[in-house]
Amino acid sequence: MPLTSTHWGAYKIATSDGRVTGLTPFAEDRDPSPIGSSLVELLDHPTRIRRPAVRRGWLDNGPGPADGARGDEPFVEIGWDEAERLVAAELERVRATHGNSAIYAGSYGWASAGRFHHAQSQIHRFLNCIGGYTGSRDTYSYAAAEVIVPHVLGSFTKLLPQHTSWANIASDCEMFVAFGGLALGNGQMGNGGTGCHVQREGFAAAVAAGVEFVNISPRELDLEAPAKPRTIQLRPNSDTALMLALCQTLRAEGLVDDGFLARYTAGYDIFGAYLDGKTDGIRKDAAWASGLTGVTTDVILDLARTMASKRTIVSISWSLTRQQYGEQPFWAAISLAAMLGRIGTPGGGIGFGYAIANYVGNNVGHVPYAALPQGRNSVADFIPVARVSDMLLNPGAVFDYNGGRYSYPDVRLVYWAGGNPFHHHQDLNRLQQAWQRPDTVILHDWCWNATAKRADIVLPCTTMLERTDIGMTPRDPYVIAMAKSMEPCGEARDDYDILSGIARAMGCEEQFCEGRSGEEWVRHLWDQSRRRAASSGVDLPSYEDLVAAEYHRNDTPPDEPVLFSAFRADPEANPLATPSGRIELFSERVASFDYADCHGHATWNEPDEWLGNATAAHPLHLLGKQPRNKLHSQLDPGAHSSRAKVGGHEAVEINPQDAAQRGISDGDIVRISNDRGACLGGAVITPEVMPGVVMMSTGAWFDPCPETGLCRHGNPNILTPDIGTSPLSQGPAAHSCLVEVTRCEDDNPPHDAFKPPDFTSPE
């Protein structure tokens, strides 16, 4: 049976009569994910987009603001020739009338695990061929960290594959303190594809070796078996206060590594003055933090002392960036690790995102594979990634970002290929309002999700089972020859073929295609990768041999990295890419920006919404979490995701105490609401969630009731605030807000999330 690679792992493909009948986990994957198997039942599902389609009002009246029609009107199916003509003409109109900055490329890049059929690369390359586009910076995953950590450590994303390996943790670490938990289910995905899942195995080896794990989270299950972790439950969004108190305790009790601070850091005296209350009159001690976090003073003191006495790793989840002031917990965690003096040592230091993605802590030798060249974007305009609604609602408005002041462009055309903003964006009611403002929304997708239903021109694309590609990432030793196992559903085309046709209509086919078919591009990228690998001493097979063997494992010597070991060994010869070359506990550069809520060092800022200021109307803190049964919203209609729903709605975890106060029983359909909106969910009563907190997975396809706006399926982002984390990064402050939960009187209100839009005949 042939192989393919997905975000959830590699699978053997069973076929019959030209159709895929099943996916079996790759034999070399020791911890396979069950998620990918749901793809089979969705290949010919009612949600599948089969032909190009145009919104009725746009087809009849031409481009312009939709005034509520996007998401409300039926579609007309058309042929590919007409679709290419319409898209090309609209792109030309917008360019000629408003300039290329009026085109927003909204791709988020999660469309494919293959190296060539990567939607974000494809759409960026195409738009660069016609003069460029307004793009975005950073990611919804960890935008705040992407901006703040380089000021402190000189880099962020480059550090992720350099993390201290699980093998090193097992051999040398004594204590692993996990702020935000260590949800191993999140490690089942890899954004470039995965051959073998290693996070659970690495974690289990560390547990077996006697590493003590401490889970700091409102939820006990944020750190799983086989560990029996010590759990410290704290109020959501108060991690920074706890970290600062740990820092102050180390300082007050003489447990700080003064030698490390003197040689490897800058600005400790200024940060220390803040901890002692000399700058604001507030001593950041354990008693102060106890009042904010709900963690007792004794527990805080004991934790600080224990961390100082052991080889400790301070680990922080990416999720902690996705809150108001999400920069601060990362800066505070780095400061805490620096004061402990273990950074750069085996079994100690700092970690960002262990168990979040399959590659963090994976000891794989790096191979510099080739990627599709995107060309040069001639448009200077950009937005921070989560400021989509702000951009569409406020063209010309000024915004701050990382020390600069910029203006939102006047975007008239949104071209989205890969990703689903009506899943991951915040305050979806506000996004719906903003989504009506452009003249035109063009979308590539393979299923009728909420974004597709709110587009003007919808172009059906293939899945990874309907095309040829190569799954290869520097973060995984396996290279997978991704076999085309069936013909595309309906009239679906590869993103490359879609864009080739539009490029032909716009006179830039040669520039975009360079004379290559899709399969010729796949071979070309492999040949380039072979040459790059050879220069690094890695031998890769020929394309023919790879296809014949179906996969290749790189037997490069495994890395056992220790993050910042070279810097620790010789900071003068291996300085960090910061102004001082050191770890900047105080950053002169950040301080010079003069932001009221992001100072020159880690700081406690009280959030606008948290249990510290909860109201009678909204007394509970809702935390959104990554789903264990899908990646973001992908494959939500599938059986694996559906089995985790309660009464057809996304599950809501609620403490027994809070449930009893509201007359809620296990399995009840409940309404979660605040002033921004409301959604339904299925109650799961569990003591694993602390009182005052409810938790709900993201990923349910957005399905607002036309009359009330209530999301009947259970997307919590209808509730979350659409604000930037701070002026520094403007990252998403998603997954965190105050709500009320009440029992729904209707036993099980139905949803239409998986129902395709209505269609009308061409006139």
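The values are calculated or read from the model by the stated rules, or taken from the named source; none is laboratory data. Worth saying up front: this structure is predicted, and the values here are computed from it rather than measured. Please note: Cβ atoms are built from the backbone with ideal geometry, for glycine as well, and neighbour counts cover all protein chains shown.
For region 531-549, filtered to residues that are charged (D, E, K, R) and more than 30 Å from the chain's Cα centre (by Cα), the residue that is modelled with the lowest pLDDT is 539.
Scanning region 48-83 for residues that are within 32 Å of the chain's Cα centre (by Cα) and of a type in the set (D, E, K, R) returns 48, 50, 51, 55, 67, 70, 72, 73.
Restricted to region 22-35, and to residues that are of a type outside the set (D, E, K, R) and touching a helix residue (DSSP H, G or I) at 6+ places or on another chain (Cβ under 7 Å), which residue is nearest to residue 481 (Cα to Cα)? Going through the qualifying residues, I end up with 23. When 519, 560, 510 are screened for being part of a helix (DSSP H, G or I) and touching a Ser or Thr at 6+ places or on another chain (Cβ under 6 Å), only 519 passes.
Listed here are the residues, each with its yes/no results for (1) under 27 Å from residue 430 (Cα atoms); (2) at pLDDT 95 or above.
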{"site": "36", "(1), (2)": "no, no"}
{"site": "53", "(1), (2)": "yes, yes"}
{"site": "56", "(1), (2)": "yes, yes"}
{"site": "61", "(1), (2)": "yes, yes"}
{"site": "66", "(1), (2)": "yes, yes"}
{"site": "70", "(1), (2)": "yes, yes"}
{"site": "74", "(1), (2)": "yes, yes"}
{"site": "81", "(1), (2)": "no, yes"}
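Scanning region 623-644 for residues that are touching a residue at least 12 places away in the same chain (Cβ under 8 Å) and either over 23 Å from residue 181 (Cα atoms) or of a type in the set (Gly, Ala, Ser) (or both) yields 624, 633, 634, 635, 636, 637, 638, 639, 640, 641, 643, 644.
The lone criterion from (1) under 20 Å from residue 648 (Cα atoms); (2) among the β-branched types (Val, Ile, Thr); (3) touching a strand residue (DSSP E or B) at 6+ places or on another chain (Cβ under 6 Å) left unmet by residue 708 is number (3). The residues on offer are 650, 609, and the sole one that is acidic (Asp, Glu) and touching a Gly at 6+ places or on another chain (Cβ under 8 Å) is 650. Scanning region 82-121 for residues that are surrounded by fewer than 19 Cβ atoms within 10 Å (Cβ to Cβ) and touching a Pro at 6+ places or on another chain (Cβ under 8 Å) yields 82, 93.
Reported count of residues in region 142-164, each being surrounded by fewer than 22 Cβ atoms within 10 Å (Cβ to Cβ), touching a Pro at 6+ places or on another chain (Cβ under 9 Å) and part of a loop (DSSP other than H, G, I, E, B), is 2. If the condition is being part of a loop (DSSP other than H, G, I, E, B) and in contact with a strand residue (DSSP E or B) (Cβ under 9 Å, 6 or more places away or on another chain), then region 446-462 contributes 446, 448, 454, 455, 456, 462. For region 63-81, give me each residue that is surrounded by 15 or more Cβ atoms within 10 Å (Cβ to Cβ) and in a helix (DSSP H, G or I). Residue satisfying the conditions is 80 alone. The number of residues in region 674-688 that are over 21 Å from residue 617 (Cβ atoms) and either among the polar types (S, T, N, Q) or crowded, with 24+ Cβ neighbours inside 10 Å (or both) comes to 1. Does region 184-196 hold any residues that are buried (at least 24 other Cβ atoms within 10 Å of the Cβ) and either assigned to a loop (DSSP other than H, G, I, E, B) or without any contact (Cβ under 8 Å) to a residue 24 or more places away in the chain (or both), and which are they? Once the filter is applied, which keeps residues that are buried (at least 24 other Cβ atoms within 10 Å of the Cβ) and either assigned to a loop (DSSP other than H, G, I, E, B) or without any contact (Cβ under 8 Å) to a residue 24 or more places away in the chain (or both), region 184-196 yields 189, 190, 193, 194, 195. Specify the residue that is farthest from residue 78 (Cα to Cα); the eligible residues are those in region 752-763 that are surrounded by fewer than 23 Cβ atoms within 10 Å (Cβ to Cβ) and not acidic (Asp, Glu). The residue in question is 754.
Residue by residue, here is whether (1) within 32 Å of the chain's Cα centre (by Cα); (2) acidic (Asp, Glu); (3) within 26 Å of residue 579 (Cα to Cα) holds:
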{"site": "247", "(1), (2), (3)": "yes, no, yes"}
{"site": "262", "(1), (2), (3)": "no, no, yes"}
{"site": "270", "(1), (2), (3)": "no, no, yes"}
{"site": "286", "(1), (2), (3)": "no, no, no"}
{"site": "305", "(1), (2), (3)": "no, no, no"}
{"site": "311", "(1), (2), (3)": "yes, no, no"}
{"site": "326", "(1), (2), (3)": "yes, no, yes"}
{"site": "334", "(1), (2), (3)": "yes, no, yes"}
{"site": "338", "(1), (2), (3)": "yes, no, yes"}
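Restricted to region 251-297, and to residues there that are in a helix (DSSP H, G or I) and among the polar types (S, T, N, Q), the residue that is surrounded by the most Cβ atoms within 10 Å (Cβ to Cβ) is 293.
Go through the residues of region 664-679 one by one and say whether even a single one is modelled with pLDDT under 95 and either touching an Asp or Glu at 6+ places or on another chain (Cβ under 8 Å) or in a strand (DSSP E or B) (or both). There is no residue in region 664-679 that is modelled with pLDDT under 95 and either touching an Asp or Glu at 6+ places or on another chain (Cβ under 8 Å) or in a strand (DSSP E or B) (or both).
For region 367-375, the count of residues that are small (Gly, Ala, Ser) and buried (at least 22 other Cβ atoms within 10 Å of the Cβ) is zero.
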